[in-house]
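Structure first, then comments.
The values are calculated or read from the model by the stated rules, or taken from the named source; none is laboratory data. Since the model is a prediction, treat every value here as computed from it, not as a measurement. Every residue, glycine as well, gets a Cβ built from its backbone with ideal geometry; the counts of neighbours run over all protein chains shown.
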Amino acid sequence: MAAQLATSQATAVSSCAGLSAKPDPELRTAVKILVVEDHEIVRKGLCRLIGGYSGWKVCGEAANGREATEKTLALRPDVVVIDLLMPVMNGIEATEQIRRLCPATKVVMISIYDSQELEAQQAGANAYVGKSRTWEDLRCAIASVLGSERS
């Protein structure tokens with residue numbers, strides 16, 4: 001069901017150049033995912049679930065939309081999983097900036113509100129998953145925006 005929410009199936013190709021003097025070889029082969037959620041307990045849970053999936057690596061975390069935009073520019077993730085409602089800058093504004101500045105980066109928006117899908121798509125989100133959904137729904141949405149060869 002969540003896979004149907006994806007509006008694009010193109011593969012995201014980006015690099016993680018300049019992260020450190022010794023690049024992490026896992027980051028070069030794994031799908032890089034930035035997790036953006038203002039509630040730390042939820043963010044850490046998402047990181048554990050996503051990081052535990054074979055072939056995916058959490059390359060960073062952010063607690064608001066401004067941090068999300070900055071970290072997307074610095075880390076060049078393949079996918080950003082971002083909450084809709086956050087302080088400083090919300091997920092809609094951040095998604096618009098991320099898609100404008102890093103068009104190869106895919107965005108999966110999550111929210112407690114199931115009714116915000118259209119707004120998320122208009123901002124450039126490739127998929128939308130309500131927080132009342134399951135891990136499998138989120139996993140399928142991420143896999144869908146990546147396309148079959150990288151999921």
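A few notes on this one:
- Being over 16 Å from Val107 (Cα atoms) and at pLDDT 90 or above holds for only one residue in Gly65, Gly18, Gly51, and it is Gly51.
- Given (1) surrounded by 17 or more Cβ atoms within 10 Å (Cβ to Cβ); (2) closer than 15 Å to Val35 by Cβ; (3) not hydrophobic (A, V, I, L, M, F, W, C), index of the condition Lys131 fails: (1)
- Hits in the range 82-120 - residues which are more than 14 Å from the chain's Cα centre (by Cα) and not in a loop (DSSP other than H, G, I, E, B): Glu93, Arg100, Leu101, Asp114, Ser115, Gln116, Glu117, Leu118, Glu119
- Considering (1) modelled with pLDDT of 95 or more; (2) over 19 Å from Cys140 (Cβ atoms); (3) not in a helix (DSSP H, G or I), the lone condition that Val35 does not fulfil carries the number (2).
- Scanning the range 70-84 for residues that are crowded, with 24+ Cβ neighbours inside 10 Å and of a type outside the set (A, V, I, L, M) yields a total of 4.
- Close pairs (7 angstrom Cβ cut-off, 6 or more residues apart or separate chains): farther than 14 Å from Gln97 by Cα in the range 64-84, among the charged types (D, E, K, R) and assigned to a helix (DSSP H, G or I) anywhere: none
- Cross-chain or 6+ apart pairs with Cβ under 8 Å, the range 108-125 first and on the phi > 0 side of the Ramachandran plot and at pLDDT 85 or above, then among the charged types (D, E, K, R) and surrounded by 19 or more Cβ atoms within 10 Å (Cβ to Cβ): Gly124/Arg99
- Of all residues in the range 85-119, those satisfying the criterion of being among the aliphatic types (A, V, I, L, M) and surrounded by fewer than 24 Cβ atoms within 10 Å (Cβ to Cβ) are Leu85, Met86, Val88, Met89, Ile92, Leu101, Ala104, Ile112, Leu118.
- Of all residues in the range 32-55, those that are surrounded by 14 or more Cβ atoms within 10 Å (Cβ to Cβ) have Cβ atoms under 9 Å from Cβ atoms of residues that are of a type in the set (Asp, Glu) and part of a helix (DSSP H, G or I), 6 or more apart or on another chain, in Val36/Glu67.
- Meets criteria (of a type outside the set (A, V, I, L, M) and under 14 Å from Val81 (Cα atoms)) for Thr134: no
- Residue in the range 21-31 that is modelled with the lowest pLDDT, counting only those that are among the hydrophobic types (A, V, I, L, M, F, W, C) and surrounded by 13 or more Cβ atoms within 10 Å (Cβ to Cβ): Leu27
- Condition check for Arg133: under 14 Å from the mean Cα position of the chain (by Cα) and not acidic (Asp, Glu): no
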